[in-house]
Every structure is written in structure tokens, then in C-alpha cells.
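Structure record follows, encoded as C-alpha cells.
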Ligand SMILES: Nc1ncnc2c1ncn2[C@@H]1O[C@H](COP(=O)(O)OP(=O)(O)OP(=O)(O)O)[C@@H](O)[C@H]1O
Ligand SMILES: [Mg+2]
């Protein structure tokens with residue numbers, strides 16, 4: 001039996017996908033990748049990842065939120081990390097501050113892209129309770 | 001009195017008729033408006049029927065129960081948002097599912113009324129949604145100003161510029177820390193991807209320069225007699241290296257020369273973009289055909305390819321800024337999504353039109369028509 005945990009990586013930016021995949025594999029996880037909301041939904045129909053890392057702006061500005069919602073609907077126990085390059089400085093603000101908003105989106109963590117790999121690893125371990 | 005059309009979506013006939021009774025003679029007024037708002041009511045017993053009604057009629061307010069026999073309220077809401085109706089949605093939910101209400105408001109429902117509600121509560125909710133709708137329509141009219149559009153444009157632009165920088169920085173860090181081993185060959189893929197992203201960024205910057213030039217307006221345009229064919233040939237020769245890489249033949253069908261009043265730069269930008277797309281979104285060993293001719297009223301530039309095509313749904317949005325089609329076939333093709341919007345802006349300066357005909361996996365044809373007579377002298 002394969003004891004490696006699987007991480008689903010969803011991003012429409014092939015390079016971000018490559019880099020997260022690179023690191024996750026280095027950390028010792030299996031990876032599955034998808035290039036957007038639609039492809040990711042296909043994937044989760046048949047596979048249950050142990051954790052998902054998804055981009056916010058894909059097909060639509062809030063694809064990541066919708067996808068997070070859908071993953072949680074199907075697999076409530078799978079932790080979801082939303083990674084975003086959208087920060088206040090770009091003028092596009094997706095504040096997910098209130099408790100209400102977090103409840104809806106249900107992502108376990110919303111982090112900025114460009115986070116250091118060791119931080120990423122720490123967060124993944126924390127969410128996987130390793 | 002102006003009438004707002006209210007669609008009541010609930011499977012219980014009792015609730016539908018109850019709501020109808022409460023709203024039939026209800027009026028909402030604004031102190032500064034002479035007219036009151038009254039309500040005309042339509043009923044639907046399922047989400048499917050509601051969507052059919054919404055497709056056919058203009059509905060201002062939808063009162064939507066979540067628990068429906070077929071598709072659920074929340075899915076109806078999603079469809080309503082997807083189809084961009086100018087409608088305000090109010091969800092009707094039981095107290096128990098407050099969480100659903102939050103979801104619904106996040107998905108574009110204006111508000112929710114918890115069930116069971118008193119006539120007063122329903123009227124209060126309807127009053128606030130009516131005012132909201134009115135204000136929304138007013139501000140929408142007013143705020144479509146250049147400034148806001150500009151701001152949005154710059155926001156998207158900075159996002160588009162940040163993504164490649166993040167990507168390149170990410171690769172550089174992996175290399176800096178020798179994360180993938182000590183041989184440079186292990187990093188070739190990352191180096192190539194970085195160069196690719198830099199190329200993409202450069203073309204975005206070039207597009208931006210083109211856009212600014214157009215927006216600076218006519219004062220910097222240089223309209224004079226130019227040979228359209230010569231401009232086109234320049235564009236073709238600058239695209240040739242790209243075509244060779246994919247072994248694509250560029251066929252031409254045009255006269256030896258065609259002198260018209262135009263800005264040669266602009267003609268080149270049009271041809272460059274259309275031909276580069278025809279190559280980029282083509283298959284290997286395909287062809288690109290560039291035809292130019294005049295008929296009684298128009299100069300016609302037609303660029304046709306044998307590539308991946310564009311489906312009807314996507315054709316609609318093609319000319320919007322930063323619009324890129326994202327699917328399996330395009331995921332490894334880089335671009336900024338500005339090309340066609342620039343082309344369209346230029347063509348509009350000449351009072352011309354651009355249209356597209358396309359069939360997925362067969363090919364695409366862009367047709368540019370520029371009238372002679374309307375040409376600025
Ligand atoms: N000839 C074509 N065949 C198929 N799809 C096309 C064609 N031309 C354009 N498209 C689609 O339309 C989208 C918008 O084209 P546009 O030229 O505006 O942007 P781009 O090519 O992505 O970027 P750039 O600004 O670098 O030109 C493209 O992303 C592509 O999906
Ligand atoms: Mg293009």
C-alpha cells in the first residue's frame with residue numbers, strides 16, 4: 001500500500017503549478033495537478049486528495065472560492081489552502097476577514113503566493129496533522 | 001407608478017399565494033421620487049420553471065425558496081448570476097439554515113428572509129431590496145465612467161505583470177538554493193520557462209505601449225498615403241520565425257500594391273496581431289492565409305488559419321481586454337489577452353469592423369472591413 005499522502009494542486013499558471021508540485025514532491029507527497037476549476041472538479045469526482053492547494057483567480061476572479069466550497073462539500077475533512085497573488089496593492093481586494101466569510105469559503109488557509117517553501121511545508125504539515 | 005416584476009419561486013402553493021396577497025397592494029416610495037413602486041407578481045413552482053421565465057421576461061426581483069423539488073434554490077441562484085440578469089434575488093430560508101443564507105448572499109443574493117415570516121417582515125425585506133435595486137441601477141448608470149474602467153484595467157494589469165515575476169522569482173530561488181541538484185541540466189526546464197515568461201511579459205509591455213498610443217488619440221496618428229500591402233508584408237516577415245518553428249506555411253492573396261490613407265503603424269499592429277494569433281493558435285504544419293482586397297466600399301483584410309478554433313460562446317468575449325480562452329488546448333500558449341482588443345480599437349478609429357468565424361479544431365477566420373469613404377482625410 002502506498003502511504004504517501006496526495007496533494008491536489010490547482011492553478012491556471014503552469015509555472016506556479018510546477019513549483020508547488022516540485023516542492024510538495026520534495027516534501028515527500030504525491031501530487032495531482034489541474035489547470036482550473038473545471039478540471040479540478042473532474043479530478044475530485046474520482047479521487048480524494050489529502051489536501052488541496054488552489055489558486056484564487058482562474059477561469060473567473062473567484063474560481064478558487066467556488067472550488068474550495070465544492071471540495072469541502074464533497075470532502076469536508078480535506079484541508080484547503082487558497083493561494084493568491086491578489087493583494088491589496090493590486091487594487092483587487094478579496095478580503096476574507098469576517099468569520100462569516102471564512103465560514104462560507106471554508107478554506108483552512110488563505111496565503112499569498114510567493115510564500116517561503118519552509119512556511120508552506122509547515123502549514124501543510126499542520127493541516128495534515130503530521 | 002412604476003411596476004417591478006417579482007417572481008416567486010416556491011413549491012408550496014400556500015406560500016406563493018400568501019406572498020402574492022401580502023405584496024399585491026404594497027407600495028414602496030422614495031421621498032425624492034414622485035412615483036411609487038408597485039409589484040406585479042409571477043409564480044413558479046420549481047427552479048427549472050423559474051429559469052425559463054427569467055429567460056423570457058425581465059424580472060426585477062426573485063423571491064427564491066431554497067428547498068425545491070428539482071434543482072435547489074442555490075443552484076438557481078448560480079444560474080441567475082451566470083446569466084447576468086439584472087435581477088435582485090432574495091432567498092427564503094428557514095432559520096435552521098443560516099449558513100446557507102450566508103452562502104447565498106456570497107453568491108449574489110441580495111438578502112434573505114427567514115421562514116416563517118410575518119407580512120411585516122416580508123414587506124420590510126421587499127422595501128429594502130427595492131431601494132437597493134433602484135440605487136444599483138442608478139449608480140450603474142453613473143459609475144460607468146472612464147476613471148473606474150481605468151482603475152479596473154490597471155488592477156488587472158498589475159496582476160498580469162506580477163504573475164510572471166512571481167513565476168520567475170520562484171524558479172530563481174529553486175536554482176539559488178540548488179534544490180534540484182548541482183548540475184545545470186537539472187534546471188534547464190526552469191530556465192526555459194523563465195525565458196518564456198519574460199517573452200510574455202515583453203509582449204505585454206509592447207501591447208501596453210500600443211494601447212497607450214491609441215488612447216493618446218488622433219494627435220499622434222500619422223495618416224498619409226501608405227501601401228497596405230507593404231505594411232502587411234512587414235508584419236508577415238516579422239512573424240516568419242514563429243511560423244517556421246511550427247512549420248506553418250503563410251499563404252498570401254493580395255495585389256502588388258494598394259495605396260490608401262492610413263497610419264502605417266496601425267496597419268502593422270492589426271496584421272501583426274491577427275497573424276501572430278493565426279500562428280500561435282494553429283496546429284503544427286498548418287497554414288495561415290492572408291487575403292487583402294477591396295470591394296465597392298471596403299478594404300478587406302482576412303486572416304484565416306487551420307488551428308484550434310474558438311467556440312461560439314467564447315467568440316463573444318474575444319475582443320475584451322485581457323480576455324484569454326483557458327482550456328487544455330491553450331494552456332501552453334502564452335499571451336496577455338490584449339492583442340485583439342487593441343486591434344478592435346484601431347479598427348474603430350477607421351470606422352471599420354472586425355468579425356470572426358470559427359469552428360473548433362478546424363480553424364478561424366478574422367475578417368476586417370474598413371470603409372474607404374469614412375476614412376479620415
Ligand atoms: N486565430 C485564433 N484561433 C484560436 N483562438 C484564438 C485566435 N485568435 C485569438 N484567439 C483566442 O482569443 C484570445 C484573445 O486573443 P488576443 O490576441 O487578444 O490575446 P493573446 O493572443 O492571448 O495575447 P496577446 O496580447 O499577446 O496577443 C486568445 O487568448 C485565444 O484564446
Ligand atoms: Mg494575440
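The values are calculated or read from the model by the stated rules, or taken from the named source; none is laboratory data. Remember, it's a predicted structure, so these values are computed and weren't measured experimentally. So basically every Cβ, Gly included, is an ideal-geometry build from the backbone, and we count neighbours across all protein chains shown.
Taking helices (runs of 4 or more DSSP H) as the structural unit, those lying wholly within region A:1-87 and holding at least 3 residues that are at pLDDT 85 or above and touching a strand residue (DSSP E or B) at 6+ places or on another chain (Cβ under 6 Å) correspond to A:14-26, A:63-74. Scanning region B:265-291 for residues that are over 20 Å from residue B:210 (Cα atoms) and in contact with a helix residue (DSSP H, G or I) (Cβ under 6 Å, 6 or more places away or on another chain), we see that the one that is nearest to ligand 2 (Cβ to nearest atom) is B:279. The one condition from (1) within 16 Å of ligand 1 (Cβ to nearest atom); (2) modelled with pLDDT of 90 or more; (3) within 14 Å of another protein chain (Cβ to nearest Cβ) that residue B:239 does not meet is (3).
Using the structure shown, decide if residue B:115 is modelled with pLDDT under 80, buried (at least 16 other Cβ atoms within 10 Å of the Cβ) and more than 30 Å from residue A:64 (Cβ to Cβ). Yes. Helices (runs of 4 or more DSSP H) fully within region B:1-102 that include at least 3 residues being under 22 Å from residue B:120 (Cβ atoms): B:13-24. Taken together, B:292, B:308 contain a single residue that is modelled with pLDDT of 95 or more, assigned to a loop (DSSP other than H, G, I, E, B) and over 22 Å from residue B:207 (Cα atoms), which is B:308. Give the residues of region A:14-39 that are within 13 Å of another protein chain (Cβ to nearest Cβ) and more than 23 Å from residue B:193 (Cα to Cα), sorted by residue number. Within region A:14-39, A:37, A:38 qualify. Out of B:357, B:316, one residue alone is within 13 Å of ligand 1 (Cβ to nearest atom), at pLDDT 95 or above and out of contact with any helix residue (DSSP H, G or I) (no Cβ under 8 Å at 6 or more places or on another chain). It is B:357.
The single residue among B:347, B:342 that is assigned by TED's automatic domain parsing to the domain that holds residue B:283, more than 8 Å from ligand 1 (Cβ to nearest atom), surrounded by 14 or more Cβ atoms within 10 Å (Cβ to Cβ) and at pLDDT 85 or above turns out to be B:347.
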